[in-house]
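Before any comments, here is the structure.
The values are calculated or read from the model by the stated rules, or taken from the named source; none is laboratory data. The structure presented is a predicted model; accordingly, all values stated were derived computationally and were not measured. So basically every Cβ, Gly included, is an ideal-geometry build from the backbone, and we count neighbours across all protein chains shown.
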Amino acid sequence: MITVFGSINMDLIATTERLPQPGETVAGSGFSTAAGGKGANQALAARRAGSKVKMAGAVGQDNFAGPALALLDDAGVDLSAVARVGEPTGTALILVGGTGENMIAVVPGANGTVSEAQALAAVGAMQTGDILMLQLEIPAAAVEAALKAARAKGIRTMINTAPLTDDAARLARLADIVVANETEFELLSGTAIPDAATRKAALEKLHAEAGQIFVVTLGGDGVVAIRDGETISAQGLEIEPVDTVGAGDTFCGYLAASLEQGLDFPAVLRRAAVAGSLACLTHGAQPSIPLGEAVDARL
């Protein structure tokens, strides 16, 4: 089973011909709302990939709470560890430009109330062999408490170092599996990475220090990872992206689910990369997450 300890949001999405520059106003061509939050997105992706999933986090007692949880509930995600608090449900304000690139501002709301006590309760309910997934849209103290409790209990942990925070590098050292994009990986490695050879050297150095699995997503160039001293690459699909919101979370959810289901590591990376590609073909974070059958049909 996979437990996701993280954020739950409602996404407010505006589409524009191009993204605005600082101080600039551009005309929008569409508006929609969709359930989101990196934690909830990854939980739904892992569930759609075929794993049993429990979501731990917090929502408000407002009109956004129900819609924020609706797709998780419909998919059969266990929501018993989601608290209802006095703060409003977290929101993300998203602009999507004509090329599919995006800009996002996140207002934590209820996510900011997630506590160390919740972390200990979530991990306490887990069993050996489970996987704990985390991101950085809830307080760092809660993430740290969950990682340390999981390590003491022998539970595998996976952290996605997004959104990039000042605590990302420190918290990443506490996880068994670290998933980062190119920018985040530069922070973790402490060096500029201008090319593939430099990236490979940085991966080998970090892996040698603590034996962690590192996975670096490269957008249209796929993914590269290091595990047990071996560097492995995988490609997604050649696509014309419509909306890249949620692609990274889809990748993470499929990565965790595929590991939990016992696939060999190259197959895990390939399946997650293909799922991330398919997520770019539909607008919205959670609505774009493909079902396992659709992903496996493209492998």
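Restricting attention to the stretch 47-65, the residues being closer than 17 Å to GLY284 by Cα and of a type outside the set (Phe, Trp, Tyr) number 1.
In the stretch 117-134, the count of residues that are of a type in the set (Ser, Thr, Tyr) and over 27 Å from VAL59 (Cα atoms) is one or more.
Can ILE226 be described as of a type outside the set (S, T, N, Q), free of Cβ contacts under 8 Å to residues at least 12 places away in the same chain and surrounded by 17 or more Cβ atoms within 10 Å (Cβ to Cβ)? Considered against the rule, which asks whether it is of a type outside the set (S, T, N, Q), free of Cβ contacts under 8 Å to residues at least 12 places away in the same chain and surrounded by 17 or more Cβ atoms within 10 Å (Cβ to Cβ), ILE226 comes out as no.
Those strands (runs of 3 or more DSSP E) of the stretch 90-160 in which at least 1 residues are modelled with pLDDT of 95 or more and more than 24 Å from PRO67 (Cα to Cα), considering only elements entirely within it, cover 131-134, 156-160. Residue pairs whose Cβ atoms lie under 6 Å apart, sitting 6 or more positions apart in sequence or on different chains, and linking a residue in the stretch 255-280 that is hydroxyl-bearing (Ser, Thr, Tyr) to a partner that is buried (at least 22 other Cβ atoms within 10 Å of the Cβ) and assigned to a helix (DSSP H, G or I), are SER258/VAL268; SER258/ARG271. Scanning the stretch 150-179 for residues that are farther than 15 Å from ALA256 by Cβ and among the hydrophobic types (A, V, I, L, M, F, W, C) returns ALA152, LEU164, ALA168, ALA169, LEU171, ALA172, LEU174.
In the stretch 1-70, counting only strands (runs of 3 or more DSSP E) that sit wholly within it, the ones holding 3 or more residues that are of a type outside the set (Gly, Ala, Ser) span 2-5, 9-16, 53-59.
Pick from the stretch 12-27 the residues that are of a type outside the set (Asp, Glu) and without any contact (Cβ under 8 Å) to a residue 60 or more places away in the chain: which of them is surrounded by the most Cβ atoms within 10 Å (Cβ to Cβ)? For the stretch 12-27, the residue satisfying everything is VAL26.
Residue-by-condition table, conditions (1) closer than 30 Å to THR25 by Cβ; (2) in contact (Cβ under 8 Å) with a residue 40 or more places away in the chain; (3) surrounded by fewer than 19 Cβ atoms within 10 Å (Cβ to Cβ); (4) more than 16 Å from the chain's Cα centre (by Cα):
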position: THR89; (1), (2), (3), (4): yes, yes, no, yes
position: ILE104; (1), (2), (3), (4): yes, yes, yes, no
position: GLY109; (1), (2), (3), (4): yes, yes, no, yes
position: LYS148; (1), (2), (3), (4): no, no, yes, yes
position: THR157; (1), (2), (3), (4): no, no, no, no
position: ASN160; (1), (2), (3), (4): no, yes, no, no
position: LEU164; (1), (2), (3), (4): yes, no, yes, no
position: LEU171; (1), (2), (3), (4): no, no, no, no
